[in-house]
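Only one structure is covered here, and it is reproduced in the block below.
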Amino acid sequence: LKELDVFRSAFSTGETVEESVGQEPPAAAPPPLPRDPRPFLRFSARAFDLSVYWLLLYGGMRIGGADIIVASPLFHQLMMLPYVILDGVLLHLWRTSPGKALLGIRIETEDGKACKMGTSLLRAVRVYIIGLGLLQPLIALFTGGFSLWFTLKNRIAPWDLLGRLKVQSSGVEAWRVIVFAMVFAAIMIILVFGIFGPAILEEQQRLKGTA
């Protein structure tokens, strides 16, 4: 009998059935918060990146004496190919771009790593086609509207579905916004008044001289 009592005590928790039934179950952990794709912040960063690329591209063409006004539309489309490649390479190497870095944004995989080169390049192509609409106004109006709707509805951009990429942000900090706005404004002033403005005036004078 003593051995039976010892065996029984080894499996006893010290609680009666009534006590265990009366206890409340442990509270379930709250579900994770939905990811914030930050579409408007990323659009601003994309516009910044494009302005930097155009500054380097057309600024270099102006210094080299090339006519940037009469260049064919096909030429301008081909000149965007290096931008698409560079965008993918930067995302693969540093998970960000100049505009995203200023705004504290990183694009990475679900496990916090940089995406592979093939994934980042394909993502850059998808952004240029689906997001920017090949920089053609009518196409961009449709693709941009669709991309915004899709991103807000599904909490992920269409081009981030490949590889299940996520947006990491340090938050909208005042100093970042101020620096971003100042640099962006300076680039746009140079583009308008230092590159495209003089090129347009030169082309107008050339047309008047041949008239």
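Odds and ends about this structure:
- Estimated at 0.36 nm per residue, the fully extended path between Gln204 and Val172 surpasses their Cα-Cα distance by 7.2 nm.
- Sequence of Trp149, Trp159 when ordered by accessible area, the most exposed leading, probe 1.4 angstrom: Trp149, Trp159
- Peptides 109-115, 78-84, 162-168 ordered by packing proxy, namely the average of other Cβ atoms within 10 Å per residue, highest first: 162-168, 78-84, 109-115.
- With a Förster radius of 35 Å applied to the beta-carbon distance between Phe75 and Ile187, the computed FRET efficiency rounds to 0.95.
The values are calculated or read from the model by the stated rules, or taken from the named source; none is laboratory data. Everything numeric here is computed off the predicted structure, so don't read it as measured data. Note: ideal-geometry Cβ built from the backbone for every residue, glycine included; neighbour counts use all protein chains shown. Protein only, heavy atoms only, side chains kept; ligands, DNA and RNA dropped before computing areas. Shrake-Rupley method; radii C 1.70, N 1.55, O 1.52, S 1.80 Å.
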